[in-house]
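Written out below as structure tokens is the structure these notes cover.
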Amino acid sequence: MSEQPLNCFPAGTLVTIAHLDAGRGAKAKLYSLGLIPGTEVQITSGGSGPCRMKFRGSELVIGQGLASKILVFKAE
């Protein structure tokens with residue numbers, strides 16, 4: 001499976017986080033939000049604006065910069 005940034009997928013896609021391609025600060029922020037490898041994420045709004053997602057019973061909105069650092073693959 002090839003990994004792609006989270007913001008490359010359209011709304012409605014279910015993905016699994018493979019790893020975070022970020023520096024120490026950004027990685028710590030994403031981990032504190034619960035975005036860790038192995039987590040399944042449902043993208044609810046993609047495109048050029050903020051990236052909205054649902055995971056573990058929560059909803060989260062992050063900017064394109066952070067979304068591009070989250071490498072995922074399509075869940076099966």
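Across region 5-23, the qualifying residues are those that are among the small types (Gly, Ala, Ser) and surrounded by 14 or more Cβ atoms within 10 Å (Cβ to Cβ), and the one among them that is modelled with the highest pLDDT is Ala18.
Where strands (runs of 3 or more DSSP E) sit wholly within region 18-76, those with at least 3 residues that are of a type in the set (A, V, I, L, M) occupy 58-62, 70-74. Applying the condition of being surrounded by 13 or more Cβ atoms within 10 Å (Cβ to Cβ) and without any contact (Cβ under 8 Å) to a residue 40 or more places away in the chain to region 53-76 and asking which residue is nearest to Gln4 (Cα to Cα) yields Ile62. Scanning region 2-28 for residues being over 19 Å from Lys54 (Cβ atoms) and among the small types (Gly, Ala, Ser) gives a total of 6.
Considering only residues of region 37-48 that are surrounded by 13 or more Cβ atoms within 10 Å (Cβ to Cβ) and at pLDDT 90 or above, which is farthest from Ala18 (Cα to Cα)? Show your work before the answer.
Just the residues of region 37-48 that are surrounded by 13 or more Cβ atoms within 10 Å (Cβ to Cβ), to begin with: 37, 39-46.
When the remaining residues are screened for being at pLDDT 90 or above, the result is 37, 39-44.
Numbers: Pro37: 5, Thr39: 8, Glu40: 10, Val41: 11, Gln42: 14, Ile43: 15, Thr44: 19 Å.
Within region 37-48, the match that is farthest from Ala18 (Cα to Cα) is Thr44.
The values are calculated or read from the model by the stated rules, or taken from the named source; none is laboratory data. What you are looking at is a predicted structure, and each value in this text was computed from that prediction instead of being measured. Glycine also receives a Cβ, built like all others from the backbone with ideal geometry; neighbour counts cover every protein chain displayed.
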